Amino acid sequence: MNDLSSAPRSSPLLSSLDQFASEKLSELERAHLRRTLAETEREDGLWITRNGRRLLSFSCNDYLNLTHHPAVKKAAMAALQRYGAGSGASRLVTGNHPLFADLEARLARLKGTEAACIFGSGYLANAGIIPSLIGSADLVLIDELAHACLWAGARLTRGKVVAFRHNDVAHAQALLAEHRDHHPRALIATDGVFSMDGDLAPLPELAEMARHFDAWLISDDAHGLGVLGGGRGSSFATGTKADIPLQMGTLSKAIGAYGGYLCASRPVIELIRNRARTFVYSTGLPPAIAAAAIAAIDVIENEPETIARPMQNAIAFTRLAGLPDATSTIVPIVIGDEQQTLAASRLLEEEGFAVIAIRPPTVPAGTSRLRLTFSAAHPANEIERLADIIRTRVLGR
Ligand SMILES: Cc1ncc(COP(=O)(O)O)c(C=O)c1O
């Protein structure tokens, strides 16, 4: 038997791994696609400190500034004091804190469904929900620009995954007509609000098509909850509730906390609790996070003026910048070239704004962009100044 204790510290296996990593990083660097972590301190849900500078952030998804809301922090601190930092186990073991049932009831009420199930994050939600419902013989039809975690969930099914052109219902319908009969079950997956483009999915039309083909529709409402449809999200954006049996979302954006959720019928939620591997085999959320999310939902349900403000700010910005009216709290400024996008982001940083450059693979090649997000508390004079700089010095108009 080999004496492993005397093996050289830098074994060929380790050095080939490091070599692989270094080469990959160099490739990314050459293509201006390497990412780095910039230490960022968020002081109040609006201003951040980065590289020693105080910047006004237009890059947080904290649309209602609830990460720092006094009532949300107070609820989290009280729960932290009383119940501790973590939940200690999977919810199916000993980690099922009573606050979770309260939060699920509040989410189900807000979304108009029978039940809800919370997850460790939005990413974990999609990675767990989709393979619980769809198997290797089945079909997933997915918008080509759907979020990475919907794609991850789709690929985990090992079924047939077919992309339809972005927001193109006619294309989705043609693909369903071609493929539906060859699969026992079918799922249609889309963002409600597209995270990098800010446009809305045609949810009522997709819902009608799904019904016609007996396909199940899942919408990811990460960027709709709290800001669209009177706070109830993108499935309520037209004024009536779109018929979406699987309404998924996250607690990490307008809710200002952390975690993911699915709102659906009682049997679907019960099945998810039995089958979703990211639920069954993962520790429950910290109870303090559930307490924070419940307090955030109180704000969303009781402060209509606050929840209207992010959209008002986004629309004010687009009008001042000479862009089409914002349709959500996300406004992309597509520049195309990676280097130019990074330069535009740096220029805005020099002016005191944090506006992050988004590059492939997060967005398709050739569509690098500035992605701006608007919150309730952005001051009007700063929105005006930002719009002026973007119009004149980024867009050159
Ligand atoms: C559309 C969409 N879905 C899901 C997620 C993931 O949510 P979470 O951050 O809770 O994992 C995000 C966040 O980046 C998102 O933008």
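The values are calculated or read from the model by the stated rules, or taken from the named source; none is laboratory data. Note that the coordinates shown come from a computational prediction; the quantities given were computed from them, not determined experimentally. We place every Cβ from the backbone using ideal geometry, glycine too, and count neighbours over all the protein chains shown. Note: areas computed on protein heavy atoms with side chains; ligands, DNA, RNA excluded. Shrake-Rupley method; radii C 1.70, N 1.55, O 1.52, S 1.80 Å.
For Arg393 and Thr238, calculate 0.36 nm times their separation in residues minus their Cα-Cα distance, and state this gained length in nm to one decimal. Working shown, then result.
Values: separation 155, 0.36 × 155 = 55.80 nm, distance 3.57 nm.
Roughly 52.2 nm would be gained on extension.
What's the carbon and sulfur percent of the chain's accessible surface, probe 1.4 angstrom, rounded to a whole number? Show your work: numbers first, answer last.
Numbers: 9870 of 18680 Å².
Result for the chain: 53 percent of the exposed heavy-atom area is carbon or sulfur.
Restricting to Cα atoms and excluding each atom paired with itself, what does the Kirkwood estimate give for the chain in Å? Spell out each step's value before the answer.
On the way: mean 1/r = 0.0445 Å⁻¹.
Taking every pair of different Cα atoms in the chain, averaging 1/r and inverting gives 22.5 Å.
Determine ³J(HN,Hα), in whole Hz, for all residues of the stretch 372-387 in sequence, where each value follows from phi through the Karplus function 6.51 cos²θ - 1.76 cosθ + 1.60 and θ = phi - 60°; x replaces Gly and Pro.
Per residue, the Karplus-derived 3J(HN,Hα) values read 9, 10, 10, 10, 4, 9, 4, x, 4, 5, 6, 4, 5, 5, 4, 4 Hz.
Work out the FRET efficiency for Ala105 and His32 from their Cβ-Cβ distance, taking R0 = 51 Å, and round it to the nearest 0.05. Write down the numbers at each step before the final one.
Numbers: r = 47 Å, r/R0 = 0.93.
In this case the efficiency is close to 0.60.
Roughly how far apart, in whole Å, are the Cα centres of the stretch 362-397 and the stretch 110-164?
If you average the Cα positions of each part, the centres end up 31 Å apart.
Can you work out the FRET efficiency for the pair Ser22 and Gln339, with r the C-beta to C-beta distance and R0 = 35 Å, to the nearest 0.05?
Efficiency computed from Cβ-Cβ geometry: 0.95.
Which whole-number percent gives the relative contact order of the chain, counting Cα pairs below 8 Å spaced six or more residues apart?
Values: 774 pairs, mean separation 83.6, N = 397.
RCO, the chain: 21 percent.
Excluding same-chain residues fewer than 8 positions from Lys24, which aspartates and glutamates have a Cα within less than 19 Å of its Cα?
Glu338
Search the structure for amide H atoms under 5 Å from the amide H of Ser121, placed 1.01 Å from N in the peptide plane, and list their residues when 5 or more places away or on another chain.
For Ser121, whose amide H was placed from the backbone, the distant partners under 5 Å are Gly260.
Rg/Rh for the stretch 250-353 to two decimals, with Rh computed the Kirkwood way over all alpha-carbon pairs. Walk me through the numbers before you get to the answer.
Working: Rg = 19.5 Å, Rh = 17.6 Å.
Rounded to two decimals, Rg over Rh is 1.11.
Could you give the spread of the C-alpha atoms of the stretch 98-163 along their three principal axes, from largest to smallest, in whole angstroms?
The principal-axis extents, from largest down, are 38, 23, 21 Å.
Which value, in Å², gives the accessible area per residue of the stretch 275-325 when a 1.4 Å probe is used on the protein heavy atoms? All intermediate terms of the calculation are to be shown ahead of the outcome.
Numbers: 2310 Å² over 51 residues.
Counting only protein heavy atoms, the per-residue value for the stretch 275-325 is 45 Å².
What FRET efficiency comes out for the pair Asp298/Gln81, r = Cβ-Cβ distance, R0 = 25 Å, nearest 0.05? Provide the component values of the computation, followed by the final result.
Details: r = 20 Å, r/R0 = 0.78.
The pair Asp298/Gln81 has a calculated efficiency of 0.80.
Tabulate in residue order the Karplus-calculated ³J(HN,Hα) for the stretch 189-201, using 6.51 cos²θ - 1.76 cosθ + 1.60 with θ = phi - 60°, rounded to whole Hz; enter x for Gly and Pro.
Once θ is set to phi - 60°, the couplings for the stretch 189-201 become 10, 8, 6, x, 10, 6, 5, 10, 10, x, 8, 9, 6 Hz.
Give me the lysines in straight-line cross-link reach of Lys73: C-alpha distance below 30 Å, same-chain residues under 8 apart excluded.
Lys111, Lys253
Suppose a student asked you for the relative contact order of the stretch 105-217, using Cα pairs under 8 Å spaced at least 6 residues apart; what percent would you report?
Numbers: 161 pairs, mean separation 26.7, N = 113.
The normalised contact order for the stretch 105-217 reaches 24 percent.
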